[in-house]
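Here is the structure we will look at, set down as structure tokens.
The values are calculated or read from the model by the stated rules, or taken from the named source; none is laboratory data. Values in this document were obtained by computation on a predicted structure and should not be read as measured data. Here the Cβ is made from the backbone with ideal geometry for all residues, glycine too, and neighbour counts use every protein chain on show. What goes into the accessible areas is simple: the full protein's heavy atoms, side chains included, and nothing from ligands, DNA or RNA. Shrake-Rupley method; radii C 1.70, N 1.55, O 1.52, S 1.80 Å.
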Amino acid sequence: MPTAGGLRSVPAMTRETIVRLGGVRKEYGETVALDDVSLEIRPGEAVAVMGPSGCGKSTLLNMIAGLDRPTGGTVEVHGERVDEMSETRLALFRRHHLGMIFQFFNLLDDLPALDNVALAAQLTGSKPGPARRRALELLDELGIADRRNVYPAALSGGERQRVAVARALINRPALLLADEPTGALDSRAGEQVMDLLLDLNQIGQTLLIVTHDERLAHRCASRLIEMSDGRVARESTLERL
Amino acid sequence: MRAVWRAARAAVRRRKVQTAVIALVALFCTATGVVSLALLDAASAPFDRAFAAQQGAHAVAAYDPVRVTDAQLTGATTGVSGMSGPFPQVVVEAENPGDIFLAGRPLTVVGRADPGGAVDRLDLWRGRWATAAGEVVLASEPHVADFDSGPQSRTTTLTVNGVTLRVVGWAFSISGSADAWVAPAQIAALHPTATQMLYRFTGDVTTREAVTARLSGVTTGLPGGALVAAQQYLTLKEKAAAEPGTYLPFLSTFGVLGLLVAMIIVGNVVSGAVVSGIRHIGVLKAIGFSPGQVVAVYLTMVTVPAVAGAVPGTVLGAFAAQPMLSDTFRGLGFGQDAGARPWVWAAGLIGVPLIVVLAALLPARRAHRLSAAEAISAGSTQRRSRGLRVQRALSGTRLPRAVGLGLGLPFARPGRTALTLATLLLGVTTVTFAGGLSGSVVRVAEIGDRSGGQIGVRPQPPALGVSSTRTDTEVEALLRGLPGTARIGVFYTHEASVAGMSEPIMINFGRGDVAALGYEAQLLDGRWMTGPDEIVAPTQLMNRRGFRLGDRITIELGGGRSTFTLVGETVRGVPGPEGLFAERAALARLDPDRKLAPADFFYQVQVTDGTSLDGYAGAVRTADPGLYAWNNTGGDEFATIVTGFSTVLSILLAAVTALGVLNTVALNALDRRRDLGMLKSIGMTPRQVLTMMVTSVAALGLAAGLLGIPIGMLAHRFIVPLAGEAASMRLPAEVMQVWHPGMLGLLALSGVAIAVAGALLPARSAARLTIAQVLHNE
């Protein structure tokens, strides 16, 4: 598999922290999903969030991505308070500063791989031609350029996730958020995605990975946040495998 | 069954939007269906019921007693199943000048011993039968309330040939056999001129030709020229059916369109429920529901809201039909029967839910076929999509990405798109048809207004206060002298007898600018009259009386008799009951000694452009306080009812269509929750999501607009003449020429407007989707 060494478009890290959470609380009715969570992520870091099901790790990722709003506390990403943004402002913020990859890929079934990737660029106003050219570069660098015209239903799980990664990267995000990126993949495809994430981090891409997979955390992350019952139970620095 | 009910109840609760859509659609369709069925039933049922109850006469014949004896008449029974008569008959003119009901009316008086008999059993609904000389029973419809508040209730005597008869009863004949009945002892004093026979025939009597043939069979053995007049029951039946018949074609069209929309929407709702509930189906099967029970769950799910909509829909429809029915039958003698009959109620309550269930059966069968494993695994795998080339092509265009994605959405689910397009198509067809229909009835009303004269003037009768002392020529001169007067028609209107018909006919003897008032301009056929021996008839009167251009018609008035040639057919007649046009000179020809009072004349005035109609009417009243003048424009009740109904129905159908679109967009949003979440997660703004969802159906709306307009125009082209035919009217070409570019442009946009209106709500809720929930509920 080709390395991601060609992905030289990660923005320069100029801030001391790229994510800052202060006393974040999230309630769903009677259930407290996050309880007084505070943490910081610095540019270039690769942080893994782990914990048992229902501990609040996905909720934490949602808060950072602005996919959901906290009940209390502050969420600052790339110097901006995402918890105070309007829906439209949040969409524009995500478009320009965040990339996301999901367990189930979430590709549009109706578009081939290339257009799935280009779509994110087109949403920023890029014309179809340049957006497709940039998407093709990314697919090429991720080793699936030959699958550019294939629809998601015909791609393997690993290929789909690489398309999802390419889509997440096309707008050169400051922060890449990954929610169980290997959860739906077989071990070989999982390995490939791990390599890809590691390579991305090594060229400076800030990563936040929510996972159950200890191997993924130890392979790709430099810091581990363990959560339990909506709280940060432990933080530790990791020696990459 | 309990499990099925519980699962169906849960499904109903889970699909609030779809449930509400089905209930509303069922309500609307049931209401229009019940109105249509009630009118359809009413078009024939009340007459048939009354005709059967009274043993109505298939033919009422008048014979010349000079040429044929009573014995010969009773002996002529070929093809006759029952008969009443012979009864002496005479046409007289009431000499009751102060009686509004009787004054000047020609009356057919028959000498009859009792109201019963084998044929034409009269409904003696007030008082008693005339059994002695000096007594009379008058004909009137059994509308007690109208009767008691009308002029008839004050009529106590009838004076004919100087003899005053006391009114002892009131009766109704469905056969229209007479206007008054006296005892045999009295009729001789009135000098009868004809002998009446009332027949019921064996065999086919469903067409005019058949009844004529039956009557010929009876008269074959009688002396030549013995039969002087005959009236068929079909004439009365057609008259009774004419008004509801006029409404029927277009109400039925709305009804059928409504039912089609209902079926499509229900099919769409259920197939959507099956598609979006595939995993649910799998779970039901996995826990032991049989395929039949799963289908039952889905059918129950649609039947509950369908019944919930059909019940109020039936009540609404029955109440909506009520005023139309009673207005329609008022004066026809069987208004008391007007109302939706039990079978109409039953059809409303059962019919629409049944149609809904039938529409649901097809998609529900898919739930029947799916295996549990297949159903449960569906949704967790990447779907193989459709319409990919289109999506691909759109992604390469310079359209805003949200618009491009929206335009591509319909291709992903071609079945749902086809049903939505069909719903929109029917919606646009309805709006187009309703627009054309309103345009046409407005044109008919305009024709009436154009020729009707803008101002009506009538001298007040002395009984009502200040009366004019001017003669008709003096009134005409006064009106011509007023500023703003353009044209004046002066009419003397009176009922007269027509040889061969028992029912009298109205004749408008006119002078002045009658032709120029617009009557000549609205000739459908023939030409305007040029002499006192010619007449012109409105199309409705011609059709109802069976007149043809060139007919020689013999008219009797005040003892005089004259034959006229029918030379022209107009769209409308003088305001009021439809009557013939004749020249004023024709009156002198018919009845030279007739005494005319100033109050007998009616003046139609057209004013010059820019003249205030109300101002002119005021000027007339100032010039002569004995003249009553009024603004005679507008107020066409039929046009108001049709325009009102078609507007309300088309708005309702458009609303139902919008509900269908709402359902489609809600289903699309539900199916694409994951895609929407993903799009939002990569930066699609709520506005872009809204744009994408609205665009997905707006394009269909535009396509439906372009296709629906010609279909609506075609429906208008066929249905409006049918309504005209039912009303016994020939429609002039201009009535059909209602389309103009501006209107067509607006209609083309109506599809987009309906689609956008229906899509906005679910599109907004799609735009507000919480991404976290959508993307993590995998």
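Specify whether the C-alpha gyration tensor of the range A:131-241 places it in the rounded, prolate or oblate class, a ≥ b ≥ c being the square roots of the eigenvalues: rounded for a/c under 1.5, otherwise prolate if a/b is larger than b/c and oblate if not. Since a/c reaches 1.5 and a/b is larger than b/c, the shape of the range A:131-241 is classed as prolate. Taking amide hydrogens as placed 1.01 Å from N in the peptide plane, the amide H of A:ASP109 sits under 5 Å from that of no residue at least 5 positions away in sequence or on another chain. Summed over both chains, the area buried between A and B is near 3300 Å², taken from the accessible surface of protein heavy atoms with a 1.4 Å probe. Comparing Cα centroids, the range A:107-147 and the range B:705-749 end up 51 angstrom apart. Here the relative contact order of the range B:454-632, from alpha carbon pairs under 8 Å that lie six or more residues apart, stands at 37 percent. Evaluated at q = 0.11, 0.16, 0.17 Å⁻¹, a Debye calculation over the C-alpha positions of the range B:454-632 (equal weights, vacuum) places log10 I(q)/I(0) at -0.48, -0.97, -1.06. Using alpha carbons only, how many degrees (0 to 90, rounded to 10) separate the axis of helix B:613-623 from the longest principal axis of chain B? Helix B:613-623 sits at roughly 20 degrees to that axis. In summary, the lysines within cross-link reach of B:LYS680, defined as a Cα separation below 27 angstrom excluding same-chain residues under 8 places away, comprise A:LYS26, A:LYS57, A:LYS127, B:LYS16. Excluding same-chain neighbours fewer than eight residues apart, no lysines are reachable from B:LYS285 by a Cα-Cα span under 18 Å.
In the protein assembly as shown, the DSSP-assigned H stretches of four residues or longer account for a calculated mean residue ellipticity at 222 nm of -16000 deg cm²/dmol, using -39500 (n - 2.57) per stretch and the full residue count as denominator.
When both bridge partners sit in the range A:4-237, DSSP labels roughly 55% of those beta bridges antiparallel. Mean partner shielding of peptide A:176-182, defined as the number of other chain Cβ atoms within 10 Å of each residue Cβ, is 1. Accessible area per residue for chain B, computed on protein heavy atoms with a 1.4 Å probe, is 40 Å².
With a 10 Å cut-off around each Cβ of A:146-156, the average count of Cβ atoms from other chains is 2.
Rolling a 1.4 Å probe over the protein heavy atoms of the protein assembly as shown, with every protein chain left in place, gives an accessible area that is 57 percent carbon and sulfur. For the range A:4-237, the relative contact order comes to 30 percent (Cα pairs under 8 Å, sequence separation of at least 6).
Each of B:MET678, B:LEU613, B:THR235 was scored by the projection of its Cα onto the charge dipole of chain B, and the greatest displacement toward the positive side belongs to B:MET678; charges sit on the C-beta of Lys, Arg, Asp and Glu. Could you work out the percent of alpha carbon pairs in chain A separated by over 23 Å, rounded to a whole number? When every Cα pair of chain A is considered, 46 percent fall beyond 23 Å. Specify the angular offset, from 0 to 90 degrees and rounded to the nearest 10, of the alpha carbon long axis of helix A:157-169 from the longest principal axis of the alpha carbons in chain A. Taking the Cα atoms of chain A, the angle to A:157-169 is about 80 degrees. Calculation over all alpha carbon pairs of the range B:65-225 in 10 angstrom steps from 0 returns a P(r) of 10, 36, 32, 17, 4 percent. Relative intensity of the protein assembly as shown on a log10 scale, I(q)/I(0) at q = 0.05, 0.10 Å⁻¹, equals -0.51, -1.15, per a Debye sum over C-alpha point scatterers of equal strength in the absence of solvent.
Taken about its Cα centre, chain B carries a charge dipole of roughly 5800 debye when the Cβ of each Lys and Arg holds +1 and the Cβ of each Asp and Glu holds -1.
To check you understand DSSP bridge types, tell me what percent of the beta bridges within the protein assembly as shown (both residues inside) are antiparallel, rounded to 5. Taking every DSSP beta bridge within the protein assembly as shown, about 75 percent pair in antiparallel fashion. Taking B:HIS58, A:HIS212 and ordering them by how much accessible surface each has at a 1.4 Å probe, largest first, produces A:HIS212, B:HIS58. Ordering B:SER271, B:ALA20, A:ALA113 by Cα displacement along the dipole of the protein assembly as shown toward the positive end leaves A:ALA113 in first place; charges were set at the Cβ atoms of Lys, Arg (+1) and Asp, Glu (-1). Across peptide A:115-123, the average count of Cβ atoms from other chains found within 10 Å of a residue's Cβ is 5.
By DSSP, the beta bridges lying fully in the range B:65-225 are antiparallel in about 75 percent of cases.
Straight-line cross-link partners of B:LYS595 among the lysines, defined as a Cα under 21 Å from its Cα and at least 8 positions apart when in the same chain, are absent. Charge dipole of the protein assembly as shown (Cα centre as origin; +1 on each Lys and Arg Cβ, -1 on each Asp and Glu Cβ, all else neutral): 3800 debye, rounded to the nearest 20. Computed from Cα atoms, the angle from the helix B:686-726 axis to the main principal axis of chain B rounds to 20 degrees.
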